[in-house]
Amino acid sequence: MKLVTFIRSGSEKEELGLLRGEGVLPLGEHGFSYADMNELICRSTAEERAAMAAAEGETLPLASVRLLSPIPRPMQDVLCLGLNYADHAKEASGFSSDAFGVELAAPIFFSKRVSYSQGSGAPIPAHRDLTRQLDYESELGVVIGRDAWQVSEEDAKDYIFGYTVVNDVSAREVQTKHKQWHFGKSLEGFCPMGPCLVTADEFAFPPAQRIYTTLNGKLMQDSNTDHLIHSISEIISVLSQGFVLRAGSIIATGTPKGVLMGIKDAEFLKPGDVVVCGIEGIGELVNTVE
């Protein structure tokens, strides 16, 4: 099922729902009461989720609601993988061998500060006072469904709640200037997610879905999520050896080739640019730079 957080036209109340074709089925009207998506992820049982998936009723037209990020307020910083597609690692090294020319034998982890994640249709702030090298990164977001501690790779899939699309927006000169990537990845508005959160049972494991980005209608990134250097199972297992990977944690698994920093003489994002990050089976995350 495809879970969403939405607001009805004329309202300011955030609600949870199921994305059904061109409509949204409000969960609260069918007896499923959760404060937000974090609580649904952490508290709902398999039986409750099965009942949600089977719920029937009248849907609200998409034109009458505004979809937010499925998880507008992540409980922790988003955990991110750097250089996790071979072709992207090569293009990044060409942009800055000092910042990105590293050994890929082990996963490269960093965190992304997110106080609020905006959804599809919301703007990406340009932060022109801080960056003139604004870039996109389409990524598969993995959402953890229950606390994971010292999990084996074989069991890792049992800890996944679902998947979403993440645009790991980046200020490249800030990222390279500070050596450690956290600040250049964490400016306000740098983590759009959506349009929905698809439960793990909707995909075979590991997911092998087309992942792509268009910029002003031009195809820029086009790959598949099965091209990860370090698999989802490895990522979950490695992280959980050192700390408890809490339910609700979001992992952005890396981006493929085609980001602007990998294109010679490319013009970086500017106000008015429309970025579409898409993953087959999840949908498209559409944001305009402002």
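The values are calculated or read from the model by the stated rules, or taken from the named source; none is laboratory data. All of these numbers come straight from a predicted model, not from anything done at the bench. For neighbour counting, all protein chains shown are included, and Cβ atoms are generated from backbone atoms with ideal geometry for every residue, glycine included. To get the accessible areas, we keep the full protein, side chains included, count just its heavy atoms, and leave off ligands, DNA and RNA. Shrake-Rupley method; radii C 1.70, N 1.55, O 1.52, S 1.80 Å.
The smallest convex shape that holds all Cα atoms of segment 135-290, its convex hull, gives 116 Å³ per residue. Which pairs in the list Lys112/Lys157; Lys218/Lys270; Lys90/Lys179; Lys112/Lys270; Lys177/Lys218; Lys218/Lys257 are over 25 Å apart, alpha-carbon to alpha-carbon? Exceeds cut-off: Lys177/Lys218. Working note: Karplus 6.51/-1.76/1.60 with θ = phi - 60° gives segment 222-234 the couplings 7, 8, 9, 5, 8, 9, 4, 5, 9, 5, 4, 4, 5 Hz, where Gly and Pro are set to x.
Peptides 151-158, 271-278, 56-63 ranked from most to least packed give 271-278, 151-158, 56-63, packing being the mean of other C-beta atoms within 10 angstrom over each peptide's residues. Classify the chain from the C-alpha gyration tensor, please: rounded if a/c falls under 1.5, else prolate or oblate depending on whether a/b exceeds b/c. Cα axes put the chain in the oblate bin.
Each residue of segment 198-209 was assigned a 3J(HN,Hα) from its phi angle through the Karplus curve 6.51 cos²θ - 1.76 cosθ + 1.60 (θ = phi - 60°); the sequence is 8, 5, 4, 5, 6, 10, 5, 10, x, x, 10, 10 Hz, with glycine and proline shown as x.
For Leu60, the residues 5 or more places off, or on other chains, whose built amide H falls under 5 Å of its own are Val24, Leu25.
In sequence order, segment 257-263 has phi-based couplings of 4, x, 6, 5, 5, x, 10 Hz under the Karplus curve 6.51 cos²θ - 1.76 cosθ + 1.60, θ = phi - 60°, and Gly or Pro positions carry x. Quick check on segment 1-69: take the gyration tensor over C-alpha atoms, sort the square-rooted eigenvalues as a ≥ b ≥ c, and tell me if it's rounded (a/c under 1.5), prolate or oblate. Oblate, since a/c reaches 1.5 and b/c is not below a/b. Return one number: the angle in degrees, 0 to 90 and rounded to the nearest 10, between the long axis of the Cα atoms of helix 86-95 and the longest principal axis of the Cα atoms of the chain. Once rounded, one gets 50 degrees. One Cα centroid belongs to segment 169-217, the other to segment 16-79; the line between them spans 22 Å. Given H placed 1.01 Å from N in the peptide plane, which residues other than close sequence neighbours of Val165 have an amide H under 5 Å from its amide H? Result for Val165 returns Gly141, Gly194, Cys196. Per atom type, segment 155-290 shows carbon and sulfur on 51% of its accessible surface, probed at 1.4 Å. For segment 101-170, the solvent-accessible area with a 1.4 angstrom probe is 40 square angstrom per residue. Note on the chain: with a GNM built from Cα contacts shorter than 10 Å, the maximum mean-square fluctuation among Val24, Val259, Val244 falls on Val244.
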